[in-house]
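Report on the following structure.
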Amino acid sequence: MDIIGAQLVNSISYGLLLFVITCGLSLVFGILGVLNLAHGSLYMIGAYVSYSITVHSGQNFWLALIIAPLAVAVCSLIIEMILLRPTYQLGHLSQVLLTFGLAYVIHDMTAAIWGLSKKSIKTERMEKTMSFSIRSVSLFLKLVWEFAAHFSMLWAIATIPNSVRTL
């Protein structure tokens, strides 16, 4: 019975995590009109930054909770100003391609900086450790890549005249 309860709590917390990420994706698309597929990678940067701060500051999770979102905000601002702003007039397909490529770049950069092994921290109030890994992100990026490839082909067929002949 304990296993069922633990799985229920895990599935609810994972569902809430996905909800928070998709709300951010919806807000960015609704306000800026940008399809940012690197949104999850920015979330991953926040997780790794908070891990580094927690480990190097003597397990101070609350300090990491303040600094990590600020670091992600600075990264997001730089990405928006340098990379995304020129694509506003080019349309959504160029934004999808750019942000999807950026997700791969961020993935490789985090692998180079933090490695591919699983990272764990001990929380102050619990004896259990929280773990995350970059390998789980790789599977997600593969699924998003397949979806983006199919979506862009269907979008081209639907919107560009004579595109069926070229495919």
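FYI, it's all coordinate maths here, none of it is from the lab. As the structure is a computational prediction, the values presented were derived from the model and not from experiment.
Phi angles across segment 88-101 convert, under the Karplus curve 6.51 cos²θ - 1.76 cosθ + 1.60 with θ = phi - 60°, into 3J(HN,Hα) values of 4, 8, 8, x, 6, 5, 5, 5, 5, 5, 5, 6, 5, x Hz, Gly and Pro given as x. Computed on the Cα trace of segment 42-87, the radius of gyration divided by the Kirkwood hydrodynamic radius gives Rg/Rh = 1.13. Shape class for segment 1-87: oblate, because the ratio a/c of the largest to smallest gyration tensor axis (alpha-carbon atoms, square roots of eigenvalues) is 1.5 or more and b/c is at least a/b.
Amide H contacts for LYS119 (H built 1.01 Å from N in the peptide plane; partners 5 or more residues away or on another chain; cut-off under 5 Å): PHE132.
For segment 6-20, the Karplus equation 6.51 cos²θ - 1.76 cosθ + 1.60, evaluated at θ = phi - 60°, returns couplings of 5, 5, 5, 5, 4, 5, 5, 5, 5, x, 5, 4, 5, 5, 5 Hz by residue, with Gly and Pro reported as x. Between the C-alpha center of segment 1-53 and that of segment 61-103 there is a gap of 16 Å.
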